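First up is the structure itself, then whatever we jot down about it.
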Amino acid sequence: MTGRAGGRAERMERTRHDGTREPMTSTTTITEGDADLRASACSWEELVTTALLGTERRPAAGTAERLLDTAAALTVRRRAGLVPAAAGGRPGAAPPDGRPAVPAAARRRLALLLADRSAPAHAGGRRGTAPDLGELLPQWLAMANERGLRPPAELIPALLDAARARTDLRPQALAFAGPYGLWLARFNSEWRFALRGAAGGAALPGPGDTEAVRLLWDEGLFAERVALLGAVRAHDPEAGRALLAGTWTTERAEDRLMFLDSLRGGLSPADEPFLEAALADRSRTVRATAAELLSALPGSALAGRMARRAASCVSLDRTGGGAAISVEAPHECDADMQRDGIVPRPPAGRGERSWWLGQLVECAPLGGWPGRLGGRTAIEIVALPVADDWGAELHAAWCRAAARQGNAEWSRALLGAPSAPPGEGAGTGSLAERAKLLSVLPPDERADWVARFISAHGLSEAFQLLGGCVVPWAGALGRAVVDALEIARDAGSYPWSFSGVMGLAERCLDPAESPRLEALTATPPEEEGASPGAGGYWAEAFQRLVATLSLRAAMRDELAAHPGSSPCP
């Protein structure tokens, strides 16, 4: 065949159906001119389309043999016609990372976690006894970041791939990858997410570098500006607010909303004038967010306005045999209320007046209610009966206010005693509201409350509450969870109902609890009335829990070893 690459004629052969080979005839010999002709008449894309559809449907391409001959010619032409691109400049060196290296054993463990060589699930969806390595990766990264360790350079690509596939890993993975990861992400479009928190793949300018900060703020991409505002705000809240105020009127509505939301960090009374001005924004969502932030400042003018409106709706009623709370919901949502962030149209299924009342009460400072309701404490106020079935609406609004304002006193009052049945004696029976209230309490108090709740009510309603507790779980909380799991097993409960709690225990239980679990790894005798096969499932679940706790303890020891060494056995 004559080609541009070789410059000489060459005879081509064809393989018959019986396996013998024969030279092509003169009609099928492909010369340089034939190749040019066929290349011009039939592009590679057209050739592929014809091959998929068949020559019978596209007779212009000729016979099937001619199609294959043309494909051979075009293949050679495509390969021989490639012209090497001009060599680009060598990339600059990665910025230095001064953190100590990950110890050798921990490096090997990270490689296994990134490979995710978990054992396959058993038939029927049972997970077996092997730990889930994918669920342990976030914990490994968290411990490595706590120790300020540097990643192995050869594992950064796999780390970035894992972060691309799992958004929950990204904060920890990018913090661990450090400057090496950002440098490497510039060369792969699939890792572009890593650059969203950095300027052009490099670290953000220092908050004190006024000129560089202003340049990036004026010319950077939106994601870069969001990251920059957060960094400046964390360093100097006033400087961050001034940066935003300088371009506020020229920003798009959706950008103003995102920028405004970044003010939550370090929110203080000094932000009130800016937020008060944002109440007049042309965007309803921006106005609502500004009002929410202002209501989190109990001393703000908006909080005072909301307090006066709420006080006109909620009062103490002494006309009956004892004190009670009387509620008169608003009859209209006027323009001033809407300017202060009250949404006039309720969602489907909600009445207008109860919708307006809830918004007013949740924005009113909680510190004003004792004076309005006879000098009572939060616990005493929550215990008061509420007339005309307004109690659920009023307490739900107080729950939102306590979470927004971070008021621990009101959170305790609305939570009530953990031993009390839900809906009896407490300000709220909603698990979602209880979880929000618990987030306000100190970690130790939060864990103690959930432990006592589990001891009184079991695990059936505790999953959402457990998710808000600090990891690893405190001793009392861990023991309460293990005891409740044992009780559920001994009672012959349907085991798959507790798979969510068991998964949480694998991630959150303190490895020190492992010895208490050894006795639960044996398969118990199947009691009459128990779910078929439940004993085997429980045994597998406890075996997997013990194995996972042992692996977490090993990860901790490996990361604590001296860099470049393995922990002592």
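State whether region 437-569 is rounded, prolate or oblate according to the following rule on the C-alpha gyration tensor (a ≥ b ≥ c being the square roots of its eigenvalues): a/c under 1.5 gives rounded; otherwise a/b larger than b/c gives prolate, and the remaining case gives oblate. Note, shape of region 437-569 comes out oblate.
Within region 266-409, the proportion of C-alpha pairs whose separation exceeds 26 Å stands at 23%. Net charge in the neighbourhood of Asp448 (other residues with Cβ under 14 Å of its Cβ; Lys, Arg +1, Asp, Glu -1) is +2.
Eigenvalues of the alpha-carbon gyration tensor of the chain, scaled by 5 and square-rooted, set the equivalent ellipsoid semi-axes at 60, 37, 27 angstrom, largest first. Highest mean first, the peptides 512-518, 140-146 sorted by other C-beta atoms within 10 Å per residue fall in the order 140-146, 512-518.
Quick one: helix 44-53 against the long Cα principal axis of the chain, what's the angle to the nearest 10°, folded into 0 to 90? Rounded to the nearest ten degrees, it is 80. Normalised by residue number, the volume inside the convex hull of the Cα atoms of region 249-318 is 97 Å³ per residue. Each part gets one Cα centre, and for region 55-79 versus region 487-543 those centres are 65 Å apart. Across q = 0.10, 0.12 Å⁻¹, region 360-465 modelled as identical point scatterers on its alpha-carbon atoms has Debye log10 I(q)/I(0) values of -0.26, -0.37, in the order of the q list.
Helical content alone sets the calculated 222 nm signal of the chain at -16000 deg cm²/dmol, taking -39,500 (n - 2.57) per DSSP H segment of four or more residues and averaging over every residue.
Converting phi to 3J(HN,Hα) with the Karplus coefficients 6.51, -1.76 and 1.60 and the offset θ = phi - 60°, region 66-78 yields 5, 4, 5, 4, 5, 4, 4, 5, 5, 4, 5, 5, 5 Hz in sequence order, with x at every glycine or proline. A P(r) calculated from all alpha carbon pairs of region 166-300, with 5 Å bins opening at zero, reads 2, 10, 19, 19, 18, 14, 11, 5, 2, 0, 0 percent. Against the main long axis of the alpha-carbon atoms of the chain, helix 133-146 sits at an angle near 70°. Per residue, the average separation of C-alpha pairs within less than 8 Å and at least 6 apart gives region 282-437 a relative contact order of 22 percent.
Counting only alpha carbon atoms, the long axis of helix 104-115 and the longest principal axis of the chain meet at about 80°. The residues of the chain have, on average, 51 Å² of accessible surface per residue, using a 1.4 Å probe with all protein chains present. In terms of overall dimensions, the C-alpha atoms belonging to region 309-369 reach 38, 27, 16 Å along their principal axes, ordered largest to smallest.
The distance from the alpha carbon centre of region 343-403 to that of region 137-156 is 46 Å, rounded to a whole number.
The values are calculated or read from the model by the stated rules, or taken from the named source; none is laboratory data. On a predicted model such as this, the values are computed, not experimentally measured, just so you know. Glycine gets a Cβ as well: all are built from the backbone with ideal geometry, and neighbour counts include every protein chain shown. Keep in mind that these areas ignore ligands, DNA and RNA; they rest on the heavy atoms of the full protein, side chains included. Shrake-Rupley method; radii C 1.70, N 1.55, O 1.52, S 1.80 Å.
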